[in-house]
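K.L.:
So that we are looking at the same thing, I have put the structure below in structure tokens.
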């Protein structure tokens with residue numbers, strides 16, 4: 001899961017070397033924190049939050065396979 | 001796919017700029033044309049050359065395939081991906097046994113994947129072709145269903161002149177319906193609603209009183225085909241109704257009834 005977010009984020013941003021992903025895994029859920037360069041936050045969120053929504057959707061699809069709930073937090 | 005035109009000092013410079021901008025490797029592009037810039041037009045700028053750069057389709061296809069494979073691998077889905085280039089789009093078809101995960105409820109996950117893929121590869125460049133993602137022929141299936149619904153509605157509009165609203169859908173699907181029904185006589189289509197919730201209305205041509213009783217605010221934004229829709233603007237018909245009413249005061253009540261009936265019919269066009 002962490003790798004998935006990292007893969008997506010690195011492809012979206014201008015500065016892939018500044019992408020940091022941290023995940024906290026519980027029994028039934030997984031929380032993923034994503035941090036990117038300040039200038040790249042907009043690219044990860046997208047117009048009207050569309051890109052962030054898409055990332056969350058894909059995460060939840062991948063999490064269903066593991067029978068878990070996922071939560072993505074984009075840190076400023 | 002349009003060529004990219006760029007002002008630069010040298011061909012290498014231009015190529016580097018484009019590669020950096022689009023974050024694609026240099027071998028994905030070829031230089032089609034390079035000529036000295038028109039100095040009178042460019043003014044005192046430092047650019048000496050106007051260079052036309054074209055994206056190589058086959059290289060681009062491989063890049064797209066790698067991206068899709070990478071995404072799916074990270075999701076833990078095993079799949080085969082085939083990419084083919086059509087005139088305006090790049091179709092990436094995924095074949096997998098785990099299709100349901102990738103499609104999601106009403107294709108939401110598939111739409112999300114497609115959105116991300118377009119952002120990842122094309123960024124927000126309008127000159128780049130759009131990538132259309134499909135899993136196990138899902139989109140084709142939905143399109144067939146859409147076609148059936150649209151044709152039924154068109155038939156109804158042809159016979160009764162009654163407009164029907166369709167479900168809100170993506171610009172791509174709306175365009176498909178407009179194009180499909182543009183060939184059918186006696187039927188007109190237009191899009192209404194706010195961004196994100198825009199839907200197609202299928203109506204008969206020259207339907208009287210189409211919008212009577214509709215809120216001015218709810219009138220279509222005429223974004224899809226202003227030329228076509230303008231003719232359908234019904235304001236004069238509204239006036240027409242009012243005029244008849246004032247002209248025939250004795251029958252005023254009858255006309256009122258008629259008007260209300262009309263409105264009720266319009267409010268349930270979906271049935």
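K.L.:
Could you check how many residues of region B:122-138 are within 30 Å of residue B:20 (Cα to Cα) and in a helix (DSSP H, G or I)? Walk me through how you get there before you give the answer.
P.N.:
The initial filter retains those residues of region B:122-138 that are within 30 Å of residue B:20 (Cα to Cα), namely B:122-134.
So of that shortlist, the ones also in a helix (DSSP H, G or I) come out as B:122.
Adding up the residues that qualify gives 1.
K.L.:
Only one of (1) surrounded by 17 or more Cβ atoms within 10 Å (Cβ to Cβ); (2) within 14 Å of another protein chain (Cβ to nearest Cβ) fails for residue B:146. Which number is that?
P.N.:
Among (1) surrounded by 17 or more Cβ atoms within 10 Å (Cβ to Cβ); (2) within 14 Å of another protein chain (Cβ to nearest Cβ), the lone unmet condition for residue B:146 is (2).
K.L.:
Another question, then. Given (1) surrounded by fewer than 16 Cβ atoms within 10 Å (Cβ to Cβ); (2) closer than 25 Å to residue A:48 by Cβ; (3) modelled with pLDDT under 85, where does residue B:167 come up short, assuming only one miss?
P.N.:
(3)
K.L.:
Evaluate the following for residue A:43: is it free of Cβ contacts under 8 Å to residues at least 12 places away in the same chain and out of contact with any strand residue (DSSP E or B) (no Cβ under 7 Å at 6 or more places or on another chain)? Walk me through it before giving the result.
P.N.:
Details: free of Cβ contacts under 8 Å to residues at least 12 places away in the same chain: no; out of contact with any strand residue (DSSP E or B) (no Cβ under 7 Å at 6 or more places or on another chain): yes.
Taking the combined requirement at face value, the residue does not satisfy it.
Condition check ((1) touching a helix residue (DSSP H, G or I) at 6+ places or on another chain (Cβ under 8 Å); (2) within 22 Å of residue B:196 (Cβ to Cβ); (3) within 11 Å of another protein chain (Cβ to nearest Cβ); (4) in a loop (DSSP other than H, G, I, E, B)) across all residues:
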| residue | (1), (2), (3), (4) |
| --- | --- |
| A:17 | no, no, no, no |
| A:24 | no, no, no, no |
| A:32 | yes, no, no, no |
| A:43 | yes, yes, yes, no |
| A:52 | yes, yes, yes, no |
| A:57 | yes, yes, yes, no |
| A:63 | no, no, yes, no |
| A:71 | no, no, no, no |
| A:74 | yes, yes, no, no |
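K.L.:
Another question, then. If I ask for residues that are more than 9 Å from chain B (Cβ to nearest Cβ), more than 11 Å from the chain's Cα centre (by Cα) and surrounded by 14 or more Cβ atoms within 10 Å (Cβ to Cβ), which ones from region A:1-15 would you list?
P.N.:
Answer for region A:1-15, where residues must be more than 9 Å from chain B (Cβ to nearest Cβ), more than 11 Å from the chain's Cα centre (by Cα) and surrounded by 14 or more Cβ atoms within 10 Å (Cβ to Cβ): just A:13.
K.L.:
Related question: Go through (1) more than 14 Å from chain A (Cβ to nearest Cβ); (2) surrounded by 13 or more Cβ atoms within 10 Å (Cβ to Cβ); (3) modelled with pLDDT under 85 one by one and return the number of the condition residue B:19 breaks.
P.N.:
(1)
K.L.:
While we're here: If residue B:137 passes every condition in (1) more than 25 Å from residue A:48 (Cα to Cα); (2) buried (at least 19 other Cβ atoms within 10 Å of the Cβ) but one, which one does it miss?
P.N.:
(2)
Quick grid of which residues meet (1) within 14 Å of another protein chain (Cβ to nearest Cβ); (2) in a helix (DSSP H, G or I); (3) surrounded by 16 or more Cβ atoms within 10 Å (Cβ to Cβ); (4) in contact with a helix residue (DSSP H, G or I) (Cβ under 7 Å, 6 or more places away or on another chain):
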| site | (1), (2), (3), (4) |
| --- | --- |
| B:61 | no, yes, yes, no |
| B:66 | yes, yes, no, no |
| B:82 | no, no, no, no |
| B:100 | yes, yes, no, no |
| B:107 | yes, yes, yes, yes |
| B:114 | yes, yes, yes, no |
| B:120 | yes, yes, yes, yes |
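The values are calculated or read from the model by the stated rules, or taken from the named source; none is laboratory data. Please read these numbers as outputs of a predicted model, since none were measured by experiment. Heads up, the Cβs are rebuilt from the backbone with ideal geometry, glycines too, and the neighbour counts pull from every protein chain shown.
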